[in-house]
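Peer 1: Take a look at the following structure, please.
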Amino acid sequence: MRVLESILLLLATITHTFAFHPILHHFRTRSASNTNKLFRPPSQINLQFIPESEIAKEERELREDRESSIENAGSFGGGEGVDDGSDVGDGTGNTVFGQNDVADTEEEMLENKSLWGNNPRKYSDSDKQCDEWFENMLLRKEEAEIETPGPLFSIKSSLSSSYFPSSLALGGPNSPSVSLPRGCESFSPKLPILRTTSEPWRTFDVAGLIKTPFASQLMEEVEPPSKHGVTLQALGEACWGFGINAEQLHSRIVYVDNVFVPELSILGDQAQAYHLSEASPAPSETIASIYSRLTDGATDSLPTTNNHKLPGGNFISELSAPHHNVGLHTGRESLNNQQGTSAFAALNSIMAPHAAVVEIGDQVILEKPVLVVRAFTGGAKAATAYHPRTIVSVGEESVVELIQLNIDLNLAKEQDPSPFLINGLTQVFVGKNSNVTHTMIEAVGGSFQKAVEVSDSPTIKVEEARPGLRSTFLETIDSYVVGEHGVFDTTMISTGGCGRSKICLSASLMAVGAEVDINGLSLAGGLQKVDMRTNIHHVCQGTLSRQGQRNVVGGKGNAAFKGRIRVEEMAQQANSNQLARTLLLNDRCKITNCPSLEIIADDVKCTHGATISDLSEEELFYLRSRGLDREIGRNILMYAFVDEMGAKIDRNLMLGKLKSEGGGRQSREGGLKNMIEQKLALLVPQGDRAVKGDFQSV
């Protein structure tokens with residue numbers, strides 16, 4: 001009997017162990033927001049056994065509630081203001097992300113310990129400086145008196161009260177709470193503000209950025225562009241000879257210091273490209289819905305045409321649930337994979353005085369490109385933050401090409417220009433069987449100096465005193481291919497001289513057969529710090545993405561590239577290719593290359609990779625044996641390395657304007673190609689490397 005009792009006791013122990021093993025049974029954590037806590041070890045959560053039938057019932061009710069909110073929302077997941085059916089900014093006041101939905105355990109919250117580690121997390125002086133710096137750009141809105149609120153005023157007011165409820169401009173900040181997610185401790189519990197140690201900003205010069213207190217631009221303080229002597233000829237010279245000839249363009253929308261210049265603009269006859277401001281008629285429901293959307297998953301609902309229900313769900317936080325979804329945008333898993341753009345997108349939406357809009361209906365083919373010029377004179381009296389905005393909405397079976405040029409007009413050479421911050425936001429929506437070709441050129445902030453890597457070079461002091469080194473360029477491109485077999489083809493080129501630059505692209509493939517093609521080129525020289533990030537999101541099956549990235553780093557430049565590809569569980573038969581290649585030209589510059597691939601589906605074809613190398617000594621020797629000196633030979637090899645990235649750019653922009661040479665012959669002068677060659681010449685390394693041999697750097 002004792003032996004039998006021992007056997008029964010052993011069986012009971014084994015049964016009890018398996019019955020309560022967290023992997024073999026479904027457990028859920030109850031919280032005030034009634035939201036799943038994902039990706040947490042069992043030791044950090046309070047487990048409660050719930051029968052399987054009750055789990056299924058509760059999840060079904062939650063799903064039905066969310067699906068009904070989509071049906072009540074407008075096209076592209078919109079509606080009025082920010083009431084897009086998502087928990088963030090839904091106006092109900094029931095759920096505040098970061099307050100009720102914190103991933104810390106109760107014990108950790110009492111001890112002020114965070115889920116990012118076992119050490120107590122504090123609201124540091126650096127965090128406070130980041131919040132005060134960011135909030136300084138929000139305060140200006142309260143100083144502006146709007147006599148007649150326009151069509152964007154209600155959207156801006158709703159965004160401001162929803163996402164920045166504790167702003168000084170709205171009654172004073174709350175006491176910082178370290179129980180909230182990082183970046184949300186103070187006045188914005190729903191949007192993470194930049195932090196020096198947060199993953200989206202780890203490779204960026206946050207400390208250098210927040211040294212300058214920028215104030216957002218107010219239209220009442222802006223001098224008219226005519227006072228600066230801005231002419232079409234000056235604009236054409238700044239655009240490398242492109243855009244002067246109206247016959248080459250469908251439309252031209254020109255902003256000088258973020259002020260619309262109708263005298264230099266050409267708008268389409270059918271209002272397909274126009275300037276939207278507070279004085280304009282109310283925009284369409286689609287444009288209003290797009291304007292209210294934020295990036296990085298802050299607007300949780302995915303935009304769809306005709307309220308179409310996606311197979312994997314219509315909420316970013318729930319895709320590939322229950323085991324592989326990233327969760328709420330203020331949660332740990334989501335924060336670590338973000339680009340850090342949601343707060344800046346909200347800042348742009350609230351502070352932007354207007355927007356350049358390209359709205360194309362169904363079955364419209366534009367034979368010529370739409371040009372949006374953002375020109376900056378450098379004549380601001382104080383450190384100013386500009387918030388340019390561009391919205392592109394393309395219907396079904398349409399074709400459009402958009403070219404965005406961010407340029408210097410160099411009209412303030414006689415004075416010491418104040419530093420500036422450009423916080424741009426571009427939103428692109430592509431419909432069924434449509435094709436959108438997009439080019440974004442960043443060439444603001446002057447130009448970096450050459451040979452700063454040489455210790456005794458006289459250009460070091462010139463580079464340190466350069467005004468553009470104090471300026472910052474931020475651009476967010478948020479794109480969605482919402483129609484079947486839609487194509488988004490984009491090229492991003494960063495050649496400017498701003499001391500800090502960060503370009504973030506997000507492309508979501510949300511329909512069967514959707515495609516995205518991304519080419520990127522980033523040049524970093526002098527004392528620059530350049531960051532380029534991409535996020536390709538495969539949501540539906542049969543989607544295709546191709547990405548090629550080229551980085552050229554010289555001088556004492558510091559560059560970073562992070563390319564993330566995520567293939568959701570429902571995105572079977574997805575095909576994705578990514579390759580980032582970098583030239584590291586000397587021993588004093590630095591590159592951080594981080595390709596990332598997350599595959600939840602099990603029937604895909606995906607590749608990604610990254611290479612870092614110097615110029616080939618063998619190829620250089622071949623050119624020198626043909627009579628070319630070392631510097632010219634290096635420049636030729638460098639341009640051959642980046643030439644592929646310009647294959648999709650408009651030919652007239654790339655090669656320059658035609659020039660007659662007599663005898664019926666013609667040649668081209670200017671052009672983007674010529675500018676890139678000049679910038680590459682400034683990056684040509686001086687002298688020999690510290691370590692000889694191919695493909696190695698110190």
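Rule-based calculations on the coordinates, nothing more; no lab input. Remember, it's a predicted structure, so these values are computed and weren't measured experimentally. Positions of Cβ are generated from backbone atoms using ideal geometry, with glycine treated the same way; all protein chains shown enter the neighbour counts.
Peer 1: Between Glu619 and Asn577, take the C-beta separation as r, use R0 = 25 Å, and let me know the FRET efficiency to the nearest 0.05.
Peer 2: Working from the Cβ atoms, E equals 0.45.
Peer 1: Do you know the relative contact order of segment 325-460, to the nearest whole percent, from alpha carbon pairs under 8 angstrom that are 6+ apart?
Peer 2: Taking the mean separation of contacting Cα pairs over the length of segment 325-460, I get 25 percent.
Peer 1: Given the pairs Lys562/Lys590; Lys368/Lys679; Lys450/Lys502; Lys450/Lys529; Lys556/Lys673, which are separated by over 20 angstrom at their Cα positions?
Peer 2: Over 20 Å Cα-Cα: Lys368/Lys679; Lys450/Lys502; Lys556/Lys673.
Peer 1: Using 0.36 nm per residue, how much length does the chain from Val462 to Thr607 gain when fully extended, once their Cα-Cα distance is taken away?
Peer 2: Gain on extension, Val462 to Thr607, equals 47.9 nm.
Peer 1: Still on this structure, please answer the following. Tell me whether segment 585-683 comes out rounded, prolate or oblate; compute the Cα gyration tensor, take square roots of the eigenvalues as a ≥ b ≥ c, and use a/c under 1.5 as the rounded threshold.
Peer 2: oblate
Peer 1: Moving on. Of the GluC sites (Glu not before Pro) in segment 633-672, which ones lie in a loop per DSSP and count no more than 14 other C-beta atoms within 10 Å?
Peer 2: Filter output for segment 633-672: empty list.
Peer 1: Report the relative contact order of segment 434-474, percent, no decimals, based on alpha-carbon pairs under 8 angstrom and at least 6 residues apart.
Peer 2: So the answer I get is 36 percent.
Peer 1: Rounded if a/c is under 1.5, else prolate if a/b is larger than b/c, else oblate: which is segment 189-338, with a ≥ b ≥ c the root eigenvalues of its Cα gyration tensor?
Peer 2: Here segment 189-338 falls in the oblate category.
Peer 1: Please report the relative contact order for segment 463-570, taking Cα pairs under 8 Å with a sequence separation of at least 6, and give it as a percent rounded to a whole number.
Peer 2: That works out to 26 percent.
Peer 1: Also: Just to confirm a number: summing +1 for Lys and Arg and -1 for Asp and Glu over residues other than Leu658 whose beta-carbon lies under 13 angstrom from that of Leu658, what do you get?
Peer 2: Computed value for this residue: +2.
Peer 1: Can you check what the net charge comes to around Gly340, using other residues whose Cβ is under 14 Å from the Cβ of Gly340 (Lys, Arg +1; Asp, Glu -1)?
Peer 2: With Lys, Arg at +1 and Asp, Glu at -1, the neighbours total +2.
Peer 1: Also, I was wondering about something else. For Asp125 and Arg546 in one chain, what is 0.36 nm times their gap in residues minus the Cα-Cα distance, to one decimal in nm?
Peer 2: That pair, Asp125 and Arg546, stretches by 147.3 nm at full extension.
Peer 1: Counting only other residues whose beta carbon sits under 14 Å from that of Asp602, what net charge do I get with K and R as +1, D and E as -1?
Peer 2: Result for the neighbourhood of Asp602: -3.
Peer 1: Now a separate question. For a quick check of your reading of the filter: which chymotrypsin sites (Phe, Trp or Tyr not before Pro) in segment 553-633 sit in a DSSP loop and have no more than 11 other Cβ atoms within 10 Å?
Peer 2: The qualifying sites: there are none.
Peer 1: Ok, one more. Can you list the GluC sites (Glu not before Pro) in segment 368-447 that are in a DSSP coil and have 11 or fewer other beta carbons within 10 angstrom?
Peer 2: Within segment 368-447, the qualifying GluC sites (Glu not before Pro) (loop, at most 11 other Cβ atoms within 10 Å) are Glu414.
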